[in-house]
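Notes to accompany the following structure.
The values are calculated or read from the model by the stated rules, or taken from the named source; none is laboratory data. This one's a predicted model, so the numbers in the text were calculated from it and none came from an experiment. Note that each Cβ is placed from the backbone with ideal geometry, even for glycine, and that neighbours are counted across all protein chains shown. Surface areas here come from the heavy atoms of the whole protein model, side chains and all, with no ligands, DNA or RNA. Shrake-Rupley method; radii C 1.70, N 1.55, O 1.52, S 1.80 Å.
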Amino acid sequence: MSKSSKIVLRIQSSDGTKRIEIPENGTLRDLYELVHSGFSFDDYGFALFKERNCSKEIVSSRSQTVKGNGLKHGDMIFLKNIAGPSTSKGHERSSSTASVSSTNSSTFGGIAGSSREATPSTSSGTGAAATVNGEDPVDIELYKIDGRITRKRDEKLCRHNSNGCCVHCSPLEPWDETYLKEQKIKHCSFHTYLKKLTSGVDRGKFVAMEDLNCKVKNGCRDHPPWPKGICSKCQPSAITLNRQTYRHVDNVMFENTGIVERFLNYWRTTGHQRIGMLFGTYEIHPDVPLGIRARVAAIYEPPQESTRDSIRLLDDEHESEVDEFAQKLGLRRVGWIFTDLLAEDAAAGTVKHVRNIKTHFLTAQECILAGHLQNKYPNRCKYASNGYFGSKFITVCVTGDAKKQVHMEGYAVSAQCMALVRDNCLIPTKDAPELGYIRESSDKQYVPDVYYKEKDVYGNEVQRLGRPLPVEYLLVDVPASTPMIPLYTFHERKDVSHYFPVENRLIDGHIQDFAALSDYLGRSRSMDFLETMSDFHLLLYLYRMDMLPMKSQMASLLVAVRDKDKTEANDWKNQEVWRTLEQLISATSHHDDSSMSNDVEFVSAGEVEQNWTCSHCTFINSRELPTCEICNLPR
């Protein structure tokens with residue numbers, strides 16, 4: 001019996017391409033075994049396909065041979081991981097981590113980047129609820145919706161009865177360009193984009209959403225590692241930037257104007273710029289086919305240093321605690337907001353119009369910080385091999401418009417920009433805020449060439465190298481608005497004096513301390529308890545308070561505020577922890593009222609009072625202080 005001849009098959013995967021040698025009469029099961037050992041996989045969570053788009057699957061079989069399946073010497077086979085990320089032992093999985101290097105930490109265009117490494121957020125969904133595949137509840141709901149746009153019967157063109165249907169009144173697909181243009185929708189929604197990929201004759205085909213890779217693949221054995229060697233298998237391909245046609249969030253809606261006004265009070269008081277984190281939920285947007293809207297309920301202000309022209313974010317040691325607190329209120333981080341305001345006429349209330357088509361909309365440094373935050377809070381997607389694709393995290397800039405009035409502009413950076421920031425390829429330029437710059441390769445890092453297309457003076461489309469790079473190729477517009485009828489997750493405040501101070505504002509009258517708490521509760525005696533406690537910043541202060549730990553006992557209060565349940569709030573008011581706090585406040589107020597007269601009596605009597613030790617924190621205070629200098633508790 002003649003010996004069967006052997007053939008060589010090329011297996012292409014995300015880890016590179018390998019050659020597998022197998023006898024012609026070898027079974028498809030033998031092929032899977034050879035691929036498993038050739039790629040050093042830990043398990044068999046992969047499938048083989050004849051086509052690049054993962055169609056015509058080669059099913060493992062003990063009876064069917066390689067030759068019988070139509071495979072010939074030199075054929076290319078495509079490998080797809082079907083059990084999540086690559087399980088190769090030597091393969092370093094590309095994650096959604098991102099960092100802004102120290103080179104980018106200096107201030108450009110008013111924003112300073114953080115140098116901390118970012119990892120994907122573990123919170124998801126409305127109130128960070130766990131869902132199928134870890135995806136947000138709004139995504140789960142949109143998967144169930146067809147999204148087709150219904151049309152009424154056209155009295156002029158339709159010739160059928162009321163039960164009929166024709167081309168003039170049949171439903172439109174959600175990506176219909178004419179409809180989107182009529183409705184002035186600049187970008188289709190992400191779920192519309194997904195449905196378009198699986199539409200028509202290809203409906204139901206496998207869709208693979210893959211992130212751009214800008215790094216050299218590790219583990220290539222054909223040559224020494226970079227910078228001593230590189231090959232086409234491990235070298236990232238050159239990138240041509242395209243304007244993104246879809247967006248993950250189609251609108252950012254602030255529940256009421258008071259949220260933004262409270263944020264802007266810092267700029268109005270100091271003239272310094274400010275950054276805040278937007279906390280809210282994601283919901284279906286009724287005005288965009290298969291659209292998503294970010295609904296903002298509160299703005300948290302992290303630690304920062306700011307001037308008239310710059311902002312520098314500081315490390316927030318309470319970041320995880322704030323996210324945990326927001327989760328119990330049914331909220332999550334949905335974006336960030338910053339100001340770029342310069343007063344022009346204080347009497348008229350006008351501001352300078354500095355951001356426009358002739359200057360810039362976002363600076364390169366702001367795009368880098370936006371990309372860093374989007375990588376930190378990626379979007380869960382079941383069509384992505386690593387479980388994440390893009391981000392719903394949005395950027396809002398408060399600046400002056402053409403009428404020199406304060407207004408908001410929303411943006412997101414593209415998935416390509418996220419990859420460039422994640423792999424540390426994009427840096428700002430020194431003297432042009434509207435231009436970024438693609439790093440040049442060095443001994444420490446290989447950077448692929450990045451190109452963009454533009455029209456020259458003759459109208460011809462030409463390709464340019466991204467050194468420098470206009471950041472407009474990286475931006476996606478996201479409209480920002482407030483509803484006609486205000487909404488309130490937290491209780492409406494008709495008077496600014498009824499607000500509790502905002503965290504991390506180190507200016508007189510805006511500092512969160514025990515005296516501010518006592519003053520706020522004293523001014524709120526006319527309101528019922530639920531209304532008094534329905535303030536994001538007040539609840540956060542109580543949640544993080546050290547001198548009277550309340551975190552472990554606040555769960556029912558946060559639920560009551562979230563559900564607007566007065567009965568449950570009043571029940572919590574009767575707990576021991578709140579009565580203790582009221583006693584401390586009462587003692588502080590009583591001591592403040594009597595401290596002046598007592599001091600006069602001591603002095604007139606010629607007595608000398610010694611320094612006193614605080615019974616709460618053991619700090620030794622001067623005799624004239626009625627409250628502790630450290631913890632603000634009464635003597």
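Just the residues that are crowded, with 23+ Cβ neighbours inside 10 Å and within 30 Å of Ala343 (Cα to Cα), please, taken from the range 411-426.
Result: Ala412, Val413.
Please go through the range 347-388 and pick out each residue that is part of a loop (DSSP other than H, G, I, E, B), closer than 30 Å to Ser320 by Cα and touching a Pro at 6+ places or on another chain (Cβ under 8 Å).
Thr363, Tyr377, Pro378, Ser385, Asn386, Gly387
Listed here are the residues, each with its yes/no results for (1) of a type in the set (A, V, I, L, M, F, W, C); (2) surrounded by 11 or more Cβ atoms within 10 Å (Cβ to Cβ); (3) not in a loop (DSSP other than H, G, I, E, B).
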residue: Leu142; (1), (2), (3): yes, yes, yes
residue: Trp175; (1), (2), (3): yes, yes, no
residue: Thr178; (1), (2), (3): no, no, yes
residue: Lys184; (1), (2), (3): no, no, no
residue: His191; (1), (2), (3): no, yes, yes
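Have a look at Glu317, Glu283, Glu255 and point out the one that is open to solvent by less than 20 Å² (accessible area, probe 1.4 Å) and among the acidic types (Asp, Glu).
Selected residue: Glu255, the only one of Glu317, Glu283, Glu255 that is open to solvent by less than 20 Å² (accessible area, probe 1.4 Å) and among the acidic types (Asp, Glu).
In the range 1-16, which residues are at pLDDT below 85 and out of contact with any strand residue (DSSP E or B) (no Cβ under 6 Å at 6 or more places or on another chain)?
Met1, Ser2, Lys3, Ser5, Ser14, Gly16
For a quick check of your reading of the model, give me the residue pairs whose first member lies in the range 281-309 and is without any contact (Cβ under 8 Å) to a residue 12 or more places away in the chain, whose second is open to solvent by 40 Å² or more (accessible area, probe 1.4 Å) and not in a loop (DSSP other than H, G, I, E, B), with beta-carbon atoms closer than 6 Å and at least 6 apart or on different chains.
Sorted first by the residue in the range 281-309, then by its partner, the pairs are Glu305/Arg312.
Ser526 versus (1) among the polar types (S, T, N, Q); (2) modelled with pLDDT of 75 or more; (3) within 28 Å of Ile299 (Cα to Cα); (4) open to solvent by less than 60 Å² (accessible area, probe 1.4 Å): which is the lone unmet condition?
(4)
Give the residue that is farthest from Leu538 (Cα to Cα), with candidates limited to residues of the range 467-494 that are in contact with a Leu (Cβ under 7 Å, 6 or more places away or on another chain) and not in a helix (DSSP H, G or I).
Looking at the filtered set, the residue picked out is Pro468.
Pick from Phe41, Phe49: which is crowded, with 16+ Cβ neighbours inside 10 Å, modelled with pLDDT under 85 and not aliphatic (A, V, I, L, M)?
Phe41
Condition check ((1) on the phi > 0 side of the Ramachandran plot; (2) at pLDDT below 85; (3) touching a Leu at 6+ places or on another chain (Cβ under 6 Å)) across all residues:
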| position | (1), (2), (3) |
| --- | --- |
| Ser102 | no, yes, no |
| Ser123 | no, yes, no |
| Gly127 | yes, yes, no |
| Lys156 | no, yes, no |
| Cys169 | no, yes, no |
| Pro174 | no, no, yes |
| Lys181 | no, no, no |
| Lys205 | no, yes, no |
| Ala208 | no, yes, no |
